[in-house]
1. Just 166, 72, 105 to compare: in a GNM of the chain, with alpha carbon springs under 10 Å, which one fluctuates most?
2. Listing 177, 42 from the residue with the fewest other Cβ atoms within 10 Å to the one with the most, what is the order?
3. Let me check the size of the stretch 123-170 from its C-alpha atoms; what are the radius of gyration and Dmax in Å?
4. As I understand it, the value is the acute angle between the Cα axis of helix 127-148 and the longest principal axis of the Cα atoms of the chain; what does it come to in degrees, rounded to 10?
5. Tell me what the chain gives for mean residue ellipticity at 222 nm when only DSSP H runs of n ≥ 4 count, each as -39,500 (n - 2.57), the sum divided by the residue total, rounded to 500 deg cm²/dmol.
6. Compactness ratio of the chain: Cα Rg over 2.2 N^0.38 Å, N = residue count?
7. Which pairs, out of 110/143; 51/143; 123/157; 84/110; 110/176, put more than 26 Å between their alpha-carbon atoms?
8. Can you compute the radius of gyration and Dmax for the stretch 42-108, using only the Cα atoms, both in Å?
Amino acid sequence: MVTRNQYFAENGSIKNKRQVQSQYWVTISYTLFISCVSWLQSSEWNNETWKLVIGNETTMHGNKIGEPINLDSFYGTVTSVVSKVRFEYEVTENDGKIHNIHQKDARLRKCHNVVFGHVSEDKSHDTYMIQHYTNNELKQLEKYMAENVPHYIPNGKIECLHTQSDNAASHFKSQKSMNYYSQLINERGGSSKCAFV
């Protein structure tokens with residue numbers, strides 16, 4: 001399961017591209033599109049021998065990879081070491097609730113991150129640009145994962161991609177984008193093998 005945060009970061013101009021005479025300038029405009037991709041590392045998630053430190057993000061009572069989902073699990077951050085000998089830690093939830101837990105009950109949330117940056121002179125920011133960037137990114141990402149972390153995509157394709165954005169309706173919520181993502185699902189074996197959210 002991969003999370004992808006995408007955003008048109010800014011428009012700008014490349015100043016002083018070419019000076020013909022002292023009073024004549026050519027200004028070239030650009031747009032910058034950023035995409036940050038991350039996924040939890042299963043080896044760290046399943047590991048029970050990690051020595052947690054203050055600031056570690058954890059899922060408490062989370063199931064290991066392949067086990068049934070534990071609906072009583074919850075997210076928290078390690079805020080104190082109770083006992084280094086007994087491997088006990090204080091974990092605080094986002095709402096401030098504090099729990100004392102044993103290390104074996106904590107799933108360490110350590111992410112692998114990949115960042116893409118696209119620079120273009122086209123500032124239209126429409127759904128076709130999103131499709132173009134998404135297509136290029138997925139090809140590069142799946143190639144990167146196959147070469148560097150093949151155990152995460154044994155079939156060579158991402159099975160679940162969560163895309164998050166700034167919700168601009170013109171390019172992230174249009175029917176053209178939804179249709180495009182449905183085609184990506186079909187290219188990866190259909191809805192039974194792939195999901196795009």
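A short reminder: the numbers here are calculations on the coordinates, not readings from a lab. Worth saying up front: this structure is predicted, and the values here are computed from it rather than measured. A quick note on method: Cβ atoms are made from the backbone with ideal geometry, for glycine too, and the neighbour counts reach across all protein chains shown.
1. 72
2. Listed from fewest to most nearby Cβ atoms, that is 42, 177.
3. 13.3, 38
4. 50 degrees
5. Helix contribution divided over all residues of the chain: -7000 deg cm²/dmol.
6. So the Cα radius of gyration is 1.34 times the expected 2.2 N^0.38 Å.
7. Table pairs above 26 Å Cα-Cα are 51/143; 123/157; 110/176.
8. My reading of the Cα-based Rg and Dmax gives 11.2, 30 Å.
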